Amino acid sequence: MKNQIFGTLQKIGKSFMLPIAVLPIAGLLLGVGSTLTNPERSTLIKEGSFTFRLLSVLTDCGNVLFGLLPLLFAVAVALGLAKKSKEVAALSAVIAYFVMNMAIASTIKNFMDLDKLQQTSGLIGNFLGFENTMNTSVLGGVLLGVLVAFLHNKYYKIKLPEMLSFFGGTHFVPIISSCAAIILGVILAIVWPFFASGIAALGVGIAKLGIFGTFLYGFILRALIPTGLHHVFYMPFWQTSLGGTAEVGGQFLEGAQNILFAQLRNGDVISPSVAKFYSGNYPIMMFGFPGAALAMYHTAYKRNKEKIKGLLFSSSIASFLTGITEPLEFSFLFASPLLYFGIHCVLGGLAFAITYALQAGVGYTFSGGVLDFFIYGIIPGNDRTHWIAVLLVGIVYAFVYYFVFRFMITKFNIKTPGREELVEEVKLHTKTDYLDKKSHTINEPSSTKKTNHDTVSANIVEGLGGLDNILEVDNCATRLRVSLTDGEKIDEALLKSTGAAGVFAKGNNIQVIYGPKVSNIKTDLEEYIQDLEGESKVEN
């Protein structure tokens, strides 16, 4: 049960990467556009000029991506958790998300006291075209995505009575998802005001911890990276009132990222209480990891230095430019958990605490590399972001990481890259390696299980001339549509024995008529073909 919950959370965290991948371009459009069109920041671009209007377009395009984040998370989670027919889960999530928000708005309108709800600042507003509703933010999107994925995995192969068979299989998923979304919307309309108040109080509690609370955030963030659950941890701070609430430009906002970008767009000084969830990453990504890499190179055995130089250098560049740290980070995690959790995570927490104490206000959309630092720190100006303080901390961190890592590696003889006794091929490990190693220590080897294929799918494949003869499988409302290599190899009698009402062949394009139940037949057939292809690869 524990491993199952961990696995589900890990999949959810992994699915967050889809919408997060949009943030860099959204932040780039918003950061550059809003900064250069702000009259307080730019005197070179005149309002009304072609360049000003073009940059305004970029700003608006960046804004809409941030506004759609809850919907994007709903789709991404449903897509990531769906076992098969993922495109159906994604479409069902889109439909269900709008149904859920309509249910929230309608429940408020018909059953709740709108005036009383509006007394809670920021609770009621307009969202995605719905008036006087509650923006449940990314959390609402994630909840809906999990619900849709659960229903999809349970019902995407459901078989209904013959007269209703058209609505079976994957066609049933958006139907049941929409019905469930109504129920979820009503529940959220009732529960969300209490939840919003509670999470706001929790945010206030963390804020009262001051610098120590910021240290804990940074420490936990780095400690969770090996599991992949760090996305689950930081996202509530980014997108809910746990990360703070503020009124910017006459609009009430919640979530550190939403507030930060609104302040950026509005020309305000970036609030350190909001940016504290971001600024601490820069000293680590841009300076700490390159310092650690240099320490690993200098402590490597002389005979191995040439073999590891390229890997360490390229990984350092990746960390500095983009904030992607996995190759380096997981390699010394493998070599020494003490070095990772006892040194690296502590230094990570301190970086967040120190930058917060220095009132730094540099945000990011991706991971805290120099590209983000330039856009969200340097371009807005030091008077708004205090980016110089972050830079100074980073320079100190380069030396701290270098000397601490060098001392620990030599003192405890840690087998970082290049310190192995015999090195034929030097490898920097990945998160997958870590999780695989962890799973091997927990789970015993299991015997290979042979898939039980249903006879209908087996006969269809044989009737179509065998697996090698099938190029593509699709379906419409009543027919299985198949593209073959050689249409003359089909066996109509065998296909009809599977329940087909008829077979229509035109060259290498075959239509097998099954009626409304064809959706289930196609799903079973695709799974059967995938299993056959998997077995074929193993044998080869």
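Bear in mind that the values in this text are calculations on the coordinates, not laboratory data. Just so you know, these numbers come straight off a predicted model, no measurement behind them. When we count neighbours, we look across all protein chains shown, and the Cβ atoms used for this are built from the backbone with ideal geometry, even at glycine.
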Check your understanding: Per-residue HN-Hα couplings for segment 84-97, Karplus 6.51 cos²θ - 1.76 cosθ + 1.60 at θ = phi - 60°, whole Hz, x for Gly and Pro?
Key -> 9, 6, 4, 5, 5, 4, 5, 5, 4, 5, 4, 4, 5, 5
Point to revise | Phe212 paired with Tyr301, simple spin-label distance in nm, labels 7 Å along Cα-to-beta-carbon | key: 4.7 nm
Study note, to complete from the structure: Any residue on another chain or 5+ positions along whose placed amide H is under 5 Å from the amide H of Val248 is listed here as Leu253
Point to revise | Unit charges at the beta carbon, dipole of segment 65-138: most positive-side option, Gln118, Ser85, Met102 | key: Ser85
Check your understanding: Using 7 Å Cα-to-Cβ label points, what is the Tyr155/Ser497 separation (nm, one decimal)?
Key -> 3.6 nm
**Study point:** Using θ = phi - 60° and Karplus 6.51 cos²θ - 1.76 cosθ + 1.60, couplings along segment 454-462 (whole Hz; Gly, Pro as x)
**Key:** 6, 5, 5, 5, 4, 5, 5, 4, 5
Review point. When only C-alpha pairs under 8 Å and at least 6 residues apart count, what is the relative contact order of segment 455-539, in percent?
Key: 30 percent
Point to revise | Extension gain from Leu321 to Phe194, taking 0.36 nm per residue of separation minus the Cα-Cα distance | key: 41.5 nm
Exercise for review: Using the number of other C-beta atoms within 10 angstrom as an exposure proxy, rank Val400, Val393, Val186 with the fewest first.
Suggested key: Val186, Val400, Val393
Point to revise | Relative contact order %, segment 68-201, counting alpha carbon pairs below 8 Å whose residues are six or more apart | key: 35 percent
Revision key, fill the gap. Along segment 248-262, Karplus-curve 3J(HN,Hα) (6.51, -1.76, 1.60; θ = phi - 60°) to the nearest Hz, with x for Gly and Pro, reads 10, x, x, 10, 7, 10, 9, x, 4, 5, 5, 5, 4, 6, 5
Exercise for review: Please list, in chain and number order, the residues 5+ apart from Asn475 or on another chain whose amide H is under 5 Å from its amide H, with Hs placed from the backbone.
Suggested key: Arg481
Review point. Pairs of lysine in segment 68-201 with Cα under 17 Å and at least 8 positions apart or on different chains: total?
Key: 7
